[in-house]
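One structure is given below, encoded as structure tokens.
The values are calculated or read from the model by the stated rules, or taken from the named source; none is laboratory data. Values in this document were obtained by computation on a predicted structure and should not be read as measured data. So basically every Cβ, Gly included, is an ideal-geometry build from the backbone, and we count neighbours across all protein chains shown. Calculation scope for accessible area: heavy atoms of the full protein, side chains included, ligands and nucleic acids excluded. Shrake-Rupley method; radii C 1.70, N 1.55, O 1.52, S 1.80 Å.
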Amino acid sequence: MKPYKEMTREELLQEKASLEARFNEVKAKGLKLDMSRGKPSKEQLELSNGMMDVLNSSSDMLCEAGVDCRNYGIMDGIPEARRLLADMSEVPEKNILIYGNSSLNVMFDTVSRAMTMGVCGHTPWGKLDKVKFLCPVPGYDRHFGITEFFGIEMINVPLLETGPDMDMVEKLVAEDDAIKGIWCVPKYSNPTGISYSDETVRRFAHLKPAAPDFRIFWDNAYSIHHLYEDDQDVILELLTECEKAGTEDMVYKFISTSKVTFPGSGIAAMAASEANLADARRAMFYQTIGHDKLNQLRHVRFFKDMDGMRAHMKKHADILRPKFEAVLDVFEKELGGLEIGSWVKPKGGYFISFDALEGCAKKIVAMAKEAGVTLTGAGATFPYGKDPKDSNIRIAPSFPEPEELSLAAEIFVLSVKLVSLEKLLALRS
């Protein structure tokens, strides 16, 4: 089919009538399909069920340091868990601090600590007149939610195929000491699926911020979440690059097993310089006497090492890959050549980012919901929920069952087509 923009008004009206009939047929089925968040499916969750069996009432509960994991102690995390999360983070064990079950919680705590205590002896952000954060867009809504919660001003930075617009990042951080941080999902970015180039990582390591307490919040949420065994993105390890540049205090790396094992029941960690970890421990000393060491022990005994975790992630990929490909195939078949949307084929992560015609995203999401498909709210991938172009939509293929997914994708493309036709017809009226 030729591009919609090249159709006559009569052709557009004919196409619209045909699509409306199909849309009403689907709507009448009363479907309830959820593609709103990157939730693992039941089949994925069951991959980790064996972890529930590695400890029982007769198990040895001692970690390799000889500490009873049922009791208090070892605030940094048991050694074997620190080693596993260090390998997952591609850093030495000395640079790892184990927290609780969620990396989002660690990020929230890190911002909260900066607001109340300051960063490594600097003025607490909460006592400053203005605090700002750079936000690569489209990006992760929960990142933006944290900074909005604390009243931090957020500045949009375009996310390119190589990562954030580094010309803009370098200029802004060098000129404004109120800019205290930047949110980053460097590998299989949420939602676009892009991974930062080597040059981008090196430029991050060589930033010269005006604020001495500026920090890069490097969220490695999808670092081992590949879809393909023979086609994977590899990025430079930022802390190593920062050490080479003498800027190792500039980065916080966050990671967790939330989408590796059980979301909400995983292990989270922060990787950072020794100075940053010492700063974090000062607050942690008053926060807790130790995180859940039994959960740490379960994870280590289940995976044993990083090779075990990689083998586990291949099983996740085998479940996820057909779902991503099913959605992308529908997009290509139904939308290819129409010039009413664009999308990226990711090699990993949990999302597909779709860009509709300007001014159409909210209407597409609303129309899809009318037919029974719940999508992430339009605008969610931008600070304050405001997409200046109202075009970006985040799609999460992971949760629906395979048979549901093709129908959900069909509803989505029907919504894209109908809203796009309305826009084009309005322009010609």
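A few notes on this one:
- Residue among G385, G336, G359 that alone is touching a Gly at 6+ places or on another chain (Cβ under 7 Å), farther than 17 Å from P40 by Cβ, among the small types (G, A, S) and open to solvent by 10 Å² or more (accessible area, probe 1.4 Å): G385
- Residue count for segment 363-405, restricted to those that are assigned to a helix (DSSP H, G or I) and of a type outside the set (K, R): 13
- Matching entry among H122, H143 (being in contact with an Asp or Glu (Cβ under 6 Å, 6 or more places away or on another chain), within 27 Å of M284 (Cα to Cα) and in contact (Cβ under 8 Å) with a residue 60 or more places away in the chain): H122
- Reported count of residues in segment 1-58, each being closer than 30 Å to M313 by Cα, among the small types (G, A, S) and either open to solvent by less than 80 Å² (accessible area, probe 1.4 Å) or part of a helix (DSSP H, G or I) (or both), is 5.
- In segment 358-373, the residues that are under 24 Å from E401 (Cβ atoms) reach residues that are part of a helix (DSSP H, G or I) and open to solvent by 40 Å² or more (accessible area, probe 1.4 Å) with C-beta atoms within less than 8 angstrom, at least six apart or across chains, in these pairs: E370/K27; A371/K27; G372/K27.
- Being within 18 Å of the chain's Cα centre (by Cα) and without any contact (Cβ under 8 Å) to a residue 60 or more places away in the chain is a property that L134 has.
Let's see how each residue does on (1) under 21 Å from G377 (Cβ atoms); (2) in contact with a Phe, Trp or Tyr (Cβ under 6 Å, 6 or more places away or on another chain); (3) open to solvent by 10 Å² or more (accessible area, probe 1.4 Å):
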{"position": "M154", "(1), (2), (3)": "yes, yes, yes"}
{"position": "P164", "(1), (2), (3)": "no, no, no"}
{"position": "W183", "(1), (2), (3)": "yes, yes, no"}
{"position": "S189", "(1), (2), (3)": "yes, no, no"}
{"position": "S197", "(1), (2), (3)": "no, no, yes"}
{"position": "H206", "(1), (2), (3)": "no, no, yes"}
{"position": "A211", "(1), (2), (3)": "no, no, no"}
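- Qualifying positions in segment 229-250 - in a loop (DSSP other than H, G, I, E, B) and either farther than 28 Å from Q44 by Cβ or open to solvent by less than 40 Å² (accessible area, probe 1.4 Å) (or both): D233, I235, L236, E237, G246, T247
- When residues of segment 251-281 are limited to those that are of a type in the set (V, I, T) and either closer than 25 Å to K42 by Cα or open to solvent by 10 Å² or more (accessible area, probe 1.4 Å) (or both), the one nearest to the chain's Cα centre (by Cα): I255
- Which listed residue, of E358, E334, E410, is at pLDDT 95 or above and over 27 Å from F144 (Cβ atoms): E334
- Looking only at residues of segment 1-55 that are aliphatic (A, V, I, L, M) and within 25 Å of R142 (Cα to Cα), we find that the one that is nearest to the chain's Cα centre (by Cα) is M35.
- Summed over segment 288-326, residues that are at positive phi, at pLDDT 95 or above and not basic (K, R) total 0.
- Subset of segment 156-193 (residues that are free of Cβ contacts under 8 Å to residues at least 40 places away in the same chain and either among the aromatic types (F, W, Y) or in contact with a Lys or Arg (Cβ under 6 Å, 6 or more places away or on another chain) (or both)): M166, A174
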